[in-house]
Each structure stands twice: as structure tokens, then as C-alpha cells.
Amino acid sequence: MMHARPYKSISAAFDKDRAVLTLQNPGRKNAIGPRMMNELLYAIEDAHADEAVRSIVLTGAGDAFCAGGDFAEISAGAGEEELLRKGDFVDLLLAIVRAKKPFVARVNGVAMGGGIGLVAACHFAIAADTAKFGTPEINVGLFPMMIMPVLARVVPRRKLTEMMLLGERMTAGEAKEAGIVGRVVPAAELDAAVSSITDKLASKSPLTLRLGLEAYADQEPMELGAALPVLRDRLGACLGTEDAREGLMAFLEKRTPVWKGR
């Protein structure tokens with residue numbers, strides 16, 4: 001099971017076969033500061049170490065997902081913490097993008113600035129139809145430098161330029177059209193939609209998911225000629241697993257595979 005750590009800015013719970021990481025700063029719309037970033041890094045590490053965890057859900061407490069950076073805390077510093085410093089926002093984004101277990105963003109409300117960056121970094125993003133999105137940094141004389149790379153992975157160039165230079169809010173439907181979220185559902189159906197994804201993920205081989213996510217992250221910065229030989233070798237490694245043999249045999253025998261994670 002996941003560790004019980006002295007978190008103050010998040011909660012981390014094990015729910016059936018998934019870890020649910022909840023940003024816990026509802027009074028400030030779950031704005032993210034150094035303490036929250038650091039605690040999330042610990043929770044992600046624990047979720048990866050727990051074999052019972054098949055996917056990781058990221059969401060916010062109350063009526064917001066994450067309103068962006070907590071500039072008051074960032075300016076003042078996080079103060080004394082019970083947990084040793086593990087990293088900052090760069091490390092957090094990389095931990096999500098390079099996660100070896102699928103990350104699902106449960107976007108229950110506003111996702112601005114750093115919050116929209118967290119959404120873009122996740123493998124899946126499901127939003128309530130009441131959620132709002134945006135990169136408003138330009139309106140206060142800043143620019144969304146840190147989240148630009150993760151947004152560029154999912155948002156077309158012209159749309160991203162418009163978002164960053166105009167700083168306007170987007171509806172959940174507009175965020176889906178831009179590629180920031182994959183699905184928009186009525187708020188009352190958000191939990192069911194998230195569970196639909198995590199239940200399907202739990203039915204897959206955990207080893208194959210890990211190998212696939214590792215390969216996907218590794219090949220992404222490569223040009224085609226370099227990526228294909230690497231992926232050929234990764235396919236060979238995948239074919240050599242016990243789970244691959246079980247999956248192929250189950251297909252031929254028309255039965256449900258029994259994954260061993262080997």
C-alpha cells in the first residue's frame with residue numbers, strides 16, 4: 001500500500017486499483033506552490049512503487065482543479081517542511097510525462113497556468129463541462145514559459161500561440177477542440193467517466209503498459225530514422241515477456257488473459 005506521509009498540500013489515497021492524488025488548497029483554488037510540488041513528487045514515487053496501483057488520478061479539492069502558481073508561497077518560500085526537498089515544477093512535469101503508470105487528469109474545475117500544464121502532461125484528461133482553461137500569464141506581465149513544452153505536445157501551433165499571447169479563458173469544449181482534454185462530460189458524470197478509463201487500464205498487462213509508456217517517452221524526441229530501430233528492439237523485449245505469450249494464447253483460445261506482470 002502507499003505510504004502515509006505528512007502531507008499538508010495534497011492527499012494521496014489508494015482506491016481499488018488506482019492512486020488518487022488530490023491538490024488540497026481549495027481556498028486558493030488549489031494554486032500550486034513549492035510544498036505541493038514536492039509532495040506530489042513523493043506521492044508519484046510511492047504510486048510507482050506500489051504494485052497494486054495500476055493508474056494514477058490527479059484532481060483538485062472543491063470546485064477547482066488548479067488555478068496556477070501560488071505566487072504568494074513561491075515568493076515567500078515553502079518554509080519548514082517535514083519532507084526533504086525532492087524537486088520543483090520542472091521535476092514534477094517530467095515525472096508525469098515520463099510516468100511508467102498511466103496518469104489521468106480529473107479536471108473538476110478551473111485549470112489555469114500551471115494547472116493547465118499539469119493537465120497537458122497527463123496521458124488522459126477528462127473534464128467536467130463546467131471547467132475553464134487558460135494561460136492568463138500574459139495579462140500580468142508574465143509568460144507561460146514552464147508549461148509551454150507540455151502544451152506544445154498536445155495543442156496545434158497556431159492555437160497555442162493564440163492562447164499564450166491573448167490569455168483568454170477557454171470553455172471545456174474549446175479545450176477539447178484544442179487537444180488539451182480528451183473528453184468532456186457533465187459534472188455529475190465525471191467520476192464515472194474517470195472510472196471507465198481506469199477500469200479499462202486495470203484490465204491490461206501492467207508490464208506491457210510500463211514498457212509501452214517507457215518506449216513512448218523515449219522515442220518522442222527522436223527523429224523517425226532513430227526512433228524506428230529503438231522501437232524494433234523494444235517490441236522484441238515486449239514479445240519476450242510472459243504477459244505477451246499469455247495475451248496471444250488467450251486471444252487464440254478466446255478467453256480473458258491472466259496477467260502476471262512478467
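Among the residues making up segment 14-25, those that are of a type outside the set (Phe, Trp, Tyr) and surrounded by 15 or more Cβ atoms within 10 Å (Cβ to Cβ) are Asp17, Arg18, Ala19, Val20, Leu21, Thr22, Leu23, Gln24, Asn25. Take Arg98 and tell me if it is within 17 Å of Glu220 (Cβ to Cβ) and among the charged types (D, E, K, R). For Arg98, the condition - within 17 Å of Glu220 (Cβ to Cβ) and among the charged types (D, E, K, R) - is met. Entry remark, segment 222-262: residues being surrounded by fewer than 16 Cβ atoms within 10 Å (Cβ to Cβ) and either acidic (Asp, Glu) or over 25 Å from Cys122 (Cβ atoms) (or both) number 27 in total.
Quick check on my filter: what residues within segment 14-48 are part of a loop (DSSP other than H, G, I, E, B) and charged (D, E, K, R)? Lys16, Asp17, Lys29, listed by residue number. Within segment 103-135, track down each residue that is in a loop (DSSP other than H, G, I, E, B), under 9 Å from the mean Cα position of the chain (by Cα) and crowded, with 23+ Cβ neighbours inside 10 Å. Of everything in segment 103-135, just one residue is in a loop (DSSP other than H, G, I, E, B), under 9 Å from the mean Cα position of the chain (by Cα) and crowded, with 23+ Cβ neighbours inside 10 Å, namely Cys122. Annotation: of all residues in segment 4-13 being assigned to a loop (DSSP other than H, G, I, E, B) and surrounded by 12 or more Cβ atoms within 10 Å (Cβ to Cβ), the one that is modelled with the lowest pLDDT is Arg5. The residue that is surrounded by the fewest Cβ atoms within 10 Å (Cβ to Cβ), counting only those in segment 162-221 that are over 29 Å from Gly109 (Cα atoms) and either charged (D, E, K, R) or in contact with an Asp or Glu (Cβ under 7 Å, 6 or more places away or on another chain) (or both), is Glu220. Considering (1) modelled with pLDDT under 95; (2) within 23 Å of Ala19 (Cβ to Cβ), the lone condition that Ala202 does not fulfil carries the number (1). Restricted to segment 163-237, the set of helices (runs of 4 or more DSSP H) holding at least 2 residues that are closer than 30 Å to Gly261 by Cβ and touching a residue at least 12 places away in the same chain (Cβ under 8 Å) comprises 190-202, 206-219.
Of the residues in segment 28-36, at least one is out of contact with any His (no Cβ under 8 Å at 6 or more places or on another chain), buried (at least 20 other Cβ atoms within 10 Å of the Cβ) and of a type in the set (Lys, Arg). What do you reckon, is Leu83 touching a residue at least 12 places away in the same chain (Cβ under 8 Å) and assigned to a loop (DSSP other than H, G, I, E, B)? Judged against the criteria, Leu83 is a match.
The values are calculated or read from the model by the stated rules, or taken from the named source; none is laboratory data. Treat the numbers as computed from the prediction; the structure is a model and nothing was measured. When we count neighbours, we look across all protein chains shown, and the Cβ atoms used for this are built from the backbone with ideal geometry, even at glycine.
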